[in-house]
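Structure record follows, encoded as structure tokens.
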């Protein structure tokens, strides 16, 4: 924290904590969750509702019937996949906040086949769409990686900006070349033929099976493969990696392709499984939520499943309280915001602590 | 590694294909509870002066009756009814009116608000939640919900989907409802045509000529203007969205800057009227009586009374007389009308409007009757005949001769 007045210490300053035990970390997190629930409860109370009832409805709304559970799982699928995608890049300390764009790119590539080759045999068409999704997302991820390794550009800004470009590409396709001719001027892309949409398994589109496979695959890849090891070494230090004879550029490009490819696959699944068309909402903020989920899960694929599940419950439950209590959707958003604020704020306190002026404390 | 992944992928695909075949039988079973209905006790008086369709196939319902206490009605709204003036508010007023007329409990209405009609996943989630809550009939109020309704109607044949605007239906559990708002627009055009001093009238339209609903409404408005003031021109500005608060305001401001002194609109917010009020010119509102938003500008508004349809539709479901027919009500049915004329209107407005209104309500004459000249010099329609409903809902892609697109 910069000191504006010379010679005078600020009243409150942040100091990095020494390593604290896992037990203490867990305790801090539980505390944060309690505070979140408490603060959210006060908010609900201020609106004139019973907090217990609302919280209860959030949980029951996500689980009360097989349809509710299916709905929760459906929200969870893209979150898991995109979180896995960004995890690959984050392991390498490559700040890929472009998952949103990579999801969209994958969806666009896959949609081309869904829209214009819907007469192909179902299995072949879907495999081609999967491949297209992977390729689309991968290439979109490759662009910032190339510039980073060639010109040392800032990947955070680069990936972020590519999100908006991708979004506008959909808008362009929707308003122009891919405009649904049957829509009487309403700007939308035609709904995919049944043949080009993902089949449902146990009432939810097959994306959940792919998500499970990806969780296992990414887990094995990061933990046990040589490439996964290379990623962590590059993440720790480029110099060390180079010293060990690794081709940093190649690893960066490869990892970002994979990171984008996983997100792109998620985009294809969202378009062909859930939207059954290509819409500007295909990513719908999932790419950003994925960053939060990946960090909260400390880049562990198994934990990602758990955290995504919690996010999905919150999302699904919020939607139910809106219709059950006539609570506006904005209120549900505020509630989500409050909970996130505490949970994320807690991560700060795991690494840092505040020190008062009089107490001194080492810098 | 990659080989393993791709092998796995292929495996999953084949799995999902096999599993996909079994899905069909599962789907209805999961929702049996929504289909369980006891025979209703004698409910309400039979729907009397409802749509023509019910008269023909009277009492030949496709679904068994539902007891009034057991019926649940789902509503999918584009924004929040609390917006208090535009499209969603007006629809919700219709739902409230239906609820009062039929004496339903609050818990029997499931509202899903702020459902973006460009986000198919959000639409599906909202509709599925209504089905999960046990809704017998779901009103989807916005155009963009159409494709999702169509798909879900097939998947859930025991639930009735009623989609407002749009053009798709399946004749059983997925119908389409809309109204002859163009009749009301014609009357508001008369008020605008008599009021304008610059002979320039602006019109903020949601969509261009591809969209028959918007274009036909704009034509009707312009024809109303022409009927009393052949010298006035109508300038149209398209926002390309049903709901774009900022864009609608800007479009109105641009039209005012070009000299328009009455602003009509076919879009969801009262912002064009607010822009008119701010600039000291006049306007014609839409959806609900917008004089409550801009009392110093609004002459009158083309308004909906959706309760006319919602009451009829829900009554049909309760009585077991739902036929799956599309609904296209007008001024005669009380579905559309104009709000009370404000003091700002020019002298003689009321008389001129009453005269035209009487002809429309009696069925003696309708707006799209006879030969109509377009602004490209072509003609539409035949002498002594009105355009048929299919053309009115889906085939008006031309502007009336006094319209100019900006």
If we sort A:264-271, A:298-305, B:69-76 on the protection proxy, mean other Cβ atoms within 10 Å, highest first, what's the order? A:264-271, B:69-76, A:298-305
Please give the length that would be gained between residue B:241 and residue B:389 if that part of the chain were fully extended, namely 0.36 nm times their separation in residues minus their C-alpha to C-alpha distance (nm, one decimal). 50.8 nm
Can you bin every Cα-Cα distance in region A:312-354 into 10 Å intervals starting at zero and give me the percent of pairs per bin, rounded to whole numbers? 27, 39, 20, 12, 1
Per-residue mean of other chain beta-carbon atoms within 10 angstrom of the beta-carbon, peptide A:68-78? 2
So what is the relative contact order for chain B, in percent, with contacts set as C-alpha pairs under 8 Å and at least six apart? 19 percent
Let's test the formula: R0 of 22 Å, r as the Cβ-Cβ distance of residue A:42 and residue A:310. What FRET efficiency results, to the nearest 0.05? 0.55
D (µm²/s, integer) via Stokes-Einstein for chain B, Kirkwood Rh across alpha-carbon pairs, 25 °C, 0.890 mPa s: value 109 µm²/s
Which whole-number percent of Cα pairs in region B:205-287 have a distance greater than 17 Å? 42 percent
Normalised by the residues of chain A, what does the relative contact order come to in percent, with Cα pairs under 8 Å and at least six apart? 35 percent
Treating the angle as unsigned and between 0 and 90°, give the value, to the nearest 10°, between the Cα long axis of helix B:2-30 and the longest Cα principal axis of chain B. 80 degrees
Could you state the number of Å between the C-alpha centres of region A:194-212 and region B:225-260? 46 Å
When you look at the Cβ of every residue in A:318-326, what mean number of other chain Cβ atoms sits within 10 Å? 4
Pairwise FRET efficiency - residue A:243 versus residue A:300, Cβ, R0 = 22 Å, nearest 0.05: 0.20
Between region B:164-187 and region B:287-304, the Cα center-to-center distance that results, in Å: 23 Å
Please report, for the Cα atoms of the protein assembly as shown, the Rg to one decimal and the Dmax as a whole number; what are they, in angstrom? 29.3, 95
How large is the helix-only mean residue ellipticity at 222 nm for chain A, computed as the sum of -39500 (n - 2.57) over DSSP H runs with n ≥ 4, divided by its residue count, in deg cm²/dmol to the nearest 500? -23500 deg cm²/dmol
Between residue A:229 and residue B:69, what is the label-to-label distance in nm when each label sits 7 Å out along the Cα-to-Cβ direction? 7.2 nm
Mind telling me which of A:94, A:288, A:224 comes out most flexible in a GNM of chain A, alpha-carbon contacts under 10 Å? A:224
Provide the FRET efficiency to the nearest 0.05 for the residue A:124-residue A:330 pair, computing r from the beta carbons and using R0 = 60 Å. 0.85
Reduced to Cα centres, the span from region A:98-140 to region A:277-347 in Å works out to 26 Å
When all C-alpha to C-alpha distances in region B:145-212 are sorted into bins of 5 Å, what percent of pairs does each bin hold, rounded to whole numbers? 3, 14, 17, 16, 12, 11, 9, 7, 6, 4, 2, 0
Two pseudo-spin positions, 7 Å from Cα along C-beta at residue A:150 and at residue B:210, lie apart in nanometres by 3.6 nm
Can you tell me what percent of all Cα-Cα pairs in region A:75-232 are more than 23 Å apart? 46 percent
Quick one: Debye curve from the C-alpha atoms of region A:12-330, no solvent, what's log10 I(q)/I(0) at q = 0.08, 0.13, 0.15 Å⁻¹? -0.41, -1.02, -1.24
Rounded tilt (10° steps) of B:120-132 against the dominant C-alpha axis of chain B: 60 degrees
Peptides B:320-328, A:225-233 ordered by average Cβ neighbours within 10 Å, highest first: B:320-328, A:225-233
Relative contact order %, region B:255-318, counting alpha carbon pairs below 8 Å whose residues are six or more apart: 24 percent
I'd like the projected area of region B:152-269, averaged over all directions, using the convex hull of its alpha carbons. Report it in nm² with one decimal. 8.2 nm²
Take every residue in peptide B:138-147, count the Cβ atoms of other chains within 10 Å of its Cβ, and give the average of those counts. 2
Mean Cβ count within 10 Å, highest first, over the residues of peptides B:359-367, A:98-106: A:98-106, B:359-367
What angle, in degrees between 0 and 90 and rounded to the nearest 10, separates the Cα long axis of helix B:349-362 from the longest principal axis of the Cα atoms of chain B? 40 degrees
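Each value in this text was obtained by applying a stated rule to the coordinates, not by laboratory testing. All of these numbers come straight from a predicted model, not from anything done at the bench. For neighbour counting, all protein chains shown are included, and Cβ atoms are generated from backbone atoms with ideal geometry for every residue, glycine included.
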